[in-house]
Every structure is written in structure tokens, then in C-alpha cells.
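What follows is a set of notes on a single structure, which appears directly below.
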Amino acid sequence: MLSKPIIGIVTRSFISTENHDISIIYKNIEKAIIKNGGMPIGITLNDNYKELIDICDGIIFQGGDDFEKYDLEALKYAYDINKSVLGICLGMQLMGILFDGEMIDINNHKKYLNYAHSIKIKRNSKLYNIFKTDIIKVNSRHKSVIKNTSLNITAISNDGYIEALEAINKNFFIGVQWHPESMIDYDNKQNNLFKNFIKSCD
């Protein structure tokens, strides 16, 4: 029996330089899970996705350029069986879409900086309890945003876009628009997000 929480990372499709269709996990997400006591495994979404999710203690829906037909089904299944879920960038957008949201394109948030802009966190939220402050600075590498979701909106960027979502009726169902996995080496608050996520999986 494994003593560490098993964290499933939903893979993303990618075409290699040799034109092979492969499934990928971002190394920074794997690193963040290991650093905080989890055991990362990749989940490729196919007809057996429910069995794969069942063996995990928590699920991360990572970023990417586009999602596939099983992504929303897998997210709904994880929600319905009360798995701890962390959505990152596209993963957060999937959460918004699943709960009545709309994804729209923007053109000014894809910036490769350690800190691209600040966000304001709602005080009455799980996210605030993790970060212990209502203003933080984050990176930003996305070209789309979510609007009009029925999930609880818990953070807004300084120019008015949704930066975090959560389900208030779940133990841990949180999505963030930025990439905390890329910040854990220089921002301990971001590492606390992974620490709390994995703690919720015990």
C-alpha cells in the first residue's frame, strides 16, 4: 500500500519534432507534486478514464492549448465522486465551461514574466485561506479567459478578468488561471497551493 497520495495529471496531446502524436505532462507540475509529498501519475483520457480516476486521490487538469472530448466528462466525474481537483490555466477554464461558463479570447495576458500582474482574492474563499492575503502577484501565459460561470469566482485580475474559481460545496475543487507550478521555487505562497491540494487528498 502506497503511503503517499496518488495524484493523477491529465495529459495533453502534443506533436513531437518527429511528428509523433504523444501525451505530455509538464515537468514543473510533476516536480510540485513530488516536492509536497504526492506520487504523480499520468492519466490519458480514453474509454477507461473512470477507472484511472478511481485509483487516484486527487486530479490535476493541467494547462494546454486545447481540450479533448473526454476532458469535460472526466472533470464532471471527478467532481461527482468528490475527488480533490486542481485546475491550472486551461484546467481552470474547463471548470468554468462545465459550470455554465463561456471561454473568450483575449490578447494581452500572454507574458513570460515571473510576475505579470496582480490579482485580488475574495476573502471568504478557500483560496484566501491558502494564500492568507487578498492581493498577490502571478505569472500569465494564457490567451483565453472564462466569463459567466456559476462556480464561485474567487480572484480577479487587475484588469477585471477571472483568475480563480472554486466549488464551495467540495473539499477541494479549485482552479487558477496562472501557472503556480512555475513559481514554487521563488514564491512560497504558490507552493502552499500544492501543499494544501495534496493535504486534501490524504
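Does any residue of segment 48-56 turn out to be within 25 Å of I156 (Cα to Cα) and within 17 Å of the chain's Cα centre (by Cα)? Please lay out each step first, then the result.
Keep residues of segment 48-56 that are within 25 Å of I156 (Cα to Cα), which gives none.
No: zero hits.
Is it the case that D100 is part of a loop (DSSP other than H, G, I, E, B) and more than 30 Å from D47 (Cβ to Cβ)? When the stated conditions are applied, D100 does not pass them.
Of all residues in segment 11-55, those satisfying the criterion of being of a type in the set (A, V, I, L, M, F, W, C), free of Cβ contacts under 8 Å to residues at least 60 places away in the same chain and not in a strand (DSSP E or B) are I25, I34, L45, L52, I53, I55.
Could you list, in sequence order, the residues of segment 78-93 that are in a helix (DSSP H, G or I) and under 19 Å from E68 (Cβ atoms)?
From segment 78-93, those in a helix (DSSP H, G or I) are 78-80, 90-93; that's our starting set.
The answer is A78, Y79, L90, G91, M92, Q93.
Within segment 150-201, restricting attention to residues that are assigned to a loop (DSSP other than H, G, I, E, B) and among the polar types (S, T, N, Q), the residue that is surrounded by the fewest Cβ atoms within 10 Å (Cβ to Cβ) is N169. Every condition in (1) assigned to a helix (DSSP H, G or I); (2) within 19 Å of K83 (Cβ to Cβ) holds for N129 except the one numbered (2).
Within segment 132-149, track down each residue that is part of a strand (DSSP E or B) and of a type in the set (S, T, N, Q). Break it down into steps so the answer makes sense when it comes.
In the first step, residues of segment 132-149 are kept if they are part of a strand (DSSP E or B); the result is 135-138, 140-141, 144-147.
Result: S140, S144.
Before we move on, is Y115 within 30 Å of I22 (Cβ to Cβ), of a type in the set (F, W, Y) and surrounded by fewer than 21 Cβ atoms within 10 Å (Cβ to Cβ)? Against the criterion (within 30 Å of I22 (Cβ to Cβ), of a type in the set (F, W, Y) and surrounded by fewer than 21 Cβ atoms within 10 Å (Cβ to Cβ)), Y115 does not qualify.
State all residues of segment 148-169 that are of a type outside the set (V, I, T), closer than 28 Å to I81 by Cβ, in contact with a strand residue (DSSP E or B) (Cβ under 8 Å, 6 or more places away or on another chain) and touching a residue at least 40 places away in the same chain (Cβ under 8 Å); if no residue qualifies, say none. Can you show your working first?
Residues of segment 148-169 that are of a type outside the set (V, I, T), as a first pass: 148, 150-152, 155, 157-161, 163-167, 169.
From what is left, the residues that are closer than 28 Å to I81 by Cβ are 148, 150-152, 155, 163-167, 169.
Those left that are additionally in contact with a strand residue (DSSP E or B) (Cβ under 8 Å, 6 or more places away or on another chain): 148, 151-152, 155, 163-167.
Passing the criteria: N148, L151, E163, A164, L165, E166, A167.
Is it the case, given these coordinates, that D202 is in contact with a strand residue (DSSP E or B) (Cβ under 9 Å, 6 or more places away or on another chain) and among the acidic types (D, E)?
Values: in contact with a strand residue (DSSP E or B) (Cβ under 9 Å, 6 or more places away or on another chain): no; among the acidic types (D, E): yes.
When the stated conditions are applied, D202 does not pass them.
Against the definition (touching a helix residue (DSSP H, G or I) at 6+ places or on another chain (Cβ under 8 Å) and either outside any strand (DSSP E or B) or within 24 Å of N36 (Cβ to Cβ) (or both)), how does N107 come out, yes or no? In short, no.
Any read-out appearing in this document is the output of simple, stated calculations on the displayed coordinates, not a laboratory observation. All values reported here derive from a predicted model rather than from experimental measurement. Positions of Cβ are backbone-derived with ideal geometry, glycine not excepted, and every protein chain shown enters the neighbour counts.
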